[in-house]
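Just so you know, all these numbers are worked out from the coordinates, no wet-lab data involved. Worth saying up front: this structure is predicted, and the values here are computed from it rather than measured. Don't worry about glycine lacking a Cβ; one is built from the backbone with ideal geometry, like all the others, and counts go over all protein chains shown.
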Amino acid sequence: MSGKKRIYVIEDEPDIRALLRQVLEGYGYRVTPLANGRDARQAIRREPPDLCLVDLGLPDMDGLTLVRELWEDVRFGVIILTGRGGVSDRVLGLELGADDYIVKPFDPRELVARVNSVIRRRDQLACAAGAALSTRAGFAEWVFDSGNLTLSATDGRQEVLTAAEASLLLTLLKAPKRILSREQLQGEDMERDDLPFDRSIDVRISRIRKKIEADPKAPRLIKTVYGAGYLFAADVCWL
C-alpha cells in the first residue's frame, strides 16, 4: 500500500469526488477526497501528496488561489479540474504553475492519462536525479539542477520550477542550438485531442523566460523560431 502514489482530489461536488476516487483507485492510486481549500491545506501540511486535482470552484476560496499556493511546493504536482472551458482560464491556471488542466465534463480515460503523464514526468525527473548521470547543467549565468527543480544564478538568485517546466527546460538543454517543434516539446502528450489549440508549451516557455532571461520580451536564451518551434541558443555544460 505504501508504494502507491497518493492523490488529493479537492472538489466540492460529492458525485464528482466519488467518481474520481473510484476511477483513480481502479488504476492503483491512493485517493483522499477533500471538499474545500481549508481541508486541503491541512491535509497537505500533514502529508504532502504526489499530485493534487484541484477544482477551480471551491466553496471557501477560488481554486486558482489554492493553485497559486500549491505550485510553490515542488513536492507534488497540480492538475486543475474545471468547468470553465475558456482558453483564458486554462492559460491562467498554467501561468500560476499547474502541470495540466482537465475540463468538465471529462472522459475518465483522459483523466487517467493526464494523471499518469504528470506522475510519470515527476518520476522521470526523480530517477534522473538518482542516476549516476549528470543532473546539473550550466548555461549563461545559471545552473539548473533537475534533482530539486531549481535554477541558481551566479549572483545568488534562485528560482524553483514546476515539474512540467523542469521537464521542458531539460529537453531544451539536451538539444542546444537545435530547433525543437512544439510536437517534440510536447513529448508523450502528443496524442491529446486538443493539442492544436493547446498553449501549455507556450505558457511554460513564457514562465521559464521570466525566470532566466534578463528581458523576457527580448529573449536571448530561449528563442522563438516562428512557424518551427523554439531554440535554446546558449552553450550548455553538464556538471
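In terms of surrounding Cβ atoms within a 10 Å radius of their Cβ, Lys174, Lys211 rank from fewest to most as Lys174, Lys211. By the count of neighbouring beta-carbon atoms within 10 Å, fewest first, Asp12, Asp235, Asp55 end up ordered Asp235, Asp12, Asp55. Across the stretch 199-227, the residues whose backbone nitrogen lies under 19 Å from the label position 7 Å along the beta-carbon direction of Ala153 are 205-223. I'd like the GluC sites (Glu not before Pro) in the stretch 1-104 restricted to DSSP loop residues with at most 13 other Cβ atoms within 10 Å, sorted by number. Those that pass, being in a loop and sparsely packed, are Glu72.
Here Lys211 is the anchor, and the lysines within straight C-alpha reach of less than 18 Å, apart from those fewer than 8 places off in the same chain, are Lys223.
Taking every DSSP beta bridge that has both ends in the chain, the antiparallel portion is near 55%.
With contacts taken as Cα pairs under 8 Å at a separation of at least 6 residues, the chain carries a relative contact order of 14 percent.
Taking amide H as placed 1.01 Å from N in the peptide plane, Leu58 has its amide H under 5 Å from the amide H of Gly63, each at least 5 places away in sequence or on another chain.
Please enumerate, by chain and number, the lysines with C-alpha under 30 Å from the C-alpha of Lys217, excluding those fewer than 8 residues away in the same chain. Those lysines meeting the cut-off are Lys174, Lys177. Exposure proxy ranking for Val103, Val115, based on other Cβ atoms within 10 angstrom of each Cβ and starting from the fewest, stands as Val103, Val115.
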